[in-house]
Structures are given as structure tokens and as C-alpha cells.
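One structure is given here, and the rest of the page talks about it.
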């Protein structure tokens with residue numbers, strides 16, 4: 001049997017095993033299981049690799065690798081990665097700080113209903129950080145995120 005091309009079923013098993021290893025904090029094992037799946041374009045595996053590279057979990061910390069995997073996952077529409085990439089740009093972690101790019105990624109994650117992204121976007125509009133200051137839009141987003149009128 002050709003092991004270069006694992007079956008879809010085998011990929012699912014490896015993904016589940018990789019996630020389990022990650023959650024159990026067996027990061028070296030998670031890296032070993034998830035890397036080939038991420039290379040094949042699986043967004044959740046890419047996101048987990050990004051987190052491990054960003055924090056040096058089971059692998060040498062690498063801003064470049066963390067950014068690459070986070071971006072690859074985010075570009076496939078994986079909401080948690082879109083939020084993560086937004087934070088990278090917002091905080092200048094792994095990549096040069098860029099408020100407008102942060103806002104773009106938080107918008108995409110917010111469209112998928114990620115409350116943290118909606119809230120962060122609301123704060124950005126409130127402060128005029130990376131976007132034109134817009135208190136009405138900030139209020140709308142806070143309300144969307146489930147916050148009642150403040151003050």
C-alpha cells in the first residue's frame with residue numbers, strides 16, 4: 001500500500017488523534033500527527049500548528065511559521081484562525097502591526113459569529129484603531145456581541 005497518500009479515513013483518524021494529543025498537551029506528538037494533514041490543506045490542523053509555532057509548544061518557536069499557518073488556515077475561512085490572524089496584526093505578534101489588516105480579519109471572523117471578534121471589532125471602532133472611529137458602529141457591534149447599552 002502506498003503510504004504517501006493516506007486515505008480520507010486515515011486523515012480523519014490522524015486529525016482526531018492530533019487534536020487529542022494537542023488537548024492532552026502532548027505537543028510533540030500533536031505536531032507529528034498534524035503536520036502532514038496541515039500540509040495537505042486541512043484548516044483546523046493548520047490553525048493548531050500556528051498556535052504551537054507561536055508559543056513554542058512541541059516545536060521551536062517561530063513567528064514566520066506561526067504566521068504562515070495562521071494565514072493559510074484563515075484564508076480557507078477557518079474562523080478561529082481569522083480571529084488569531086486579526087490578533088497577530090492588532091498586537092504586532094509574529095507580523096508587523098497593521099490595524100486595518102487586523103480589522104479585515106476580525107470582520108471575516110465576526111461574519112462567522114465569533115463573539116470575541118465582534119467585541120474586538122467594536123472596541124476598534126470605538127477607539128478608531130485600524131478603522132475610522134465610528135461610535136454608532138461600535139454600539140451596533142457591542143449589541144450584536146450580546147452586550148447591553150453601557151453607561
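The values are calculated or read from the model by the stated rules, or taken from the named source; none is laboratory data. What you see is a predicted model, and the numbers here were worked out from it, not measured in a lab. Methodologically, a virtual Cβ is constructed for each residue, glycine included, from the backbone with ideal geometry; neighbour enumeration extends over all protein chains shown.
Looking across 85, 121, 34, 90, one residue alone is buried (at least 19 other Cβ atoms within 10 Å of the Cβ), closer than 30 Å to residue 10 by Cβ, outside the structural domain of residue 12 (by TED's automatic domain parsing) and modelled with pLDDT of 95 or more. It is 85. Any idea which of 85, 33, 49, 90 is assigned to a helix (DSSP H, G or I) and touching a residue at least 40 places away in the same chain (Cβ under 8 Å)? Among 85, 33, 49, 90, only 90 is assigned to a helix (DSSP H, G or I) and touching a residue at least 40 places away in the same chain (Cβ under 8 Å). Can you confirm whether residue 4 is over 23 Å from residue 93 (Cα atoms), at pLDDT below 95 and in contact with a helix residue (DSSP H, G or I) (Cβ under 9 Å, 6 or more places away or on another chain)? Judged against the criteria, residue 4 is not a match.
Would it be correct to say that residue 18 is under 30 Å from residue 131 (Cβ atoms), outside any loop (DSSP other than H, G, I, E, B) and touching a helix residue (DSSP H, G or I) at 6+ places or on another chain (Cβ under 8 Å)? No; evaluated as a whole, the condition is false for this residue. Tell me yes or no: at least one residue of region 62-72 is in contact with a helix residue (DSSP H, G or I) (Cβ under 7 Å, 6 or more places away or on another chain), in the same structural domain as residue 15 (by TED's automatic domain parsing) and surrounded by fewer than 19 Cβ atoms within 10 Å (Cβ to Cβ). Yes - at least one qualifying residue is present in region 62-72. Being buried (at least 21 other Cβ atoms within 10 Å of the Cβ), modelled with pLDDT of 95 or more and either in the same structural domain as residue 10 (by TED's automatic domain parsing) or assigned to a helix (DSSP H, G or I) (or both) is not true of residue 57. Got a number for residues in region 41-65 being more than 9 Å from the chain's Cα centre (by Cα) and within 25 Å of residue 123 (Cα to Cα)? Of the residues in that region, 1 qualify. Take region 97-107 and flag every residue that is closer than 24 Å to residue 38 by Cβ and surrounded by fewer than 20 Cβ atoms within 10 Å (Cβ to Cβ). Once the filter is applied, which keeps residues that are closer than 24 Å to residue 38 by Cβ and surrounded by fewer than 20 Cβ atoms within 10 Å (Cβ to Cβ), region 97-107 yields 101, 104. Looking at residue 112, is it modelled with pLDDT of 95 or more and touching a helix residue (DSSP H, G or I) at 6+ places or on another chain (Cβ under 8 Å)? Considered against the rule, which asks whether it is modelled with pLDDT of 95 or more and touching a helix residue (DSSP H, G or I) at 6+ places or on another chain (Cβ under 8 Å), residue 112 comes out as no.
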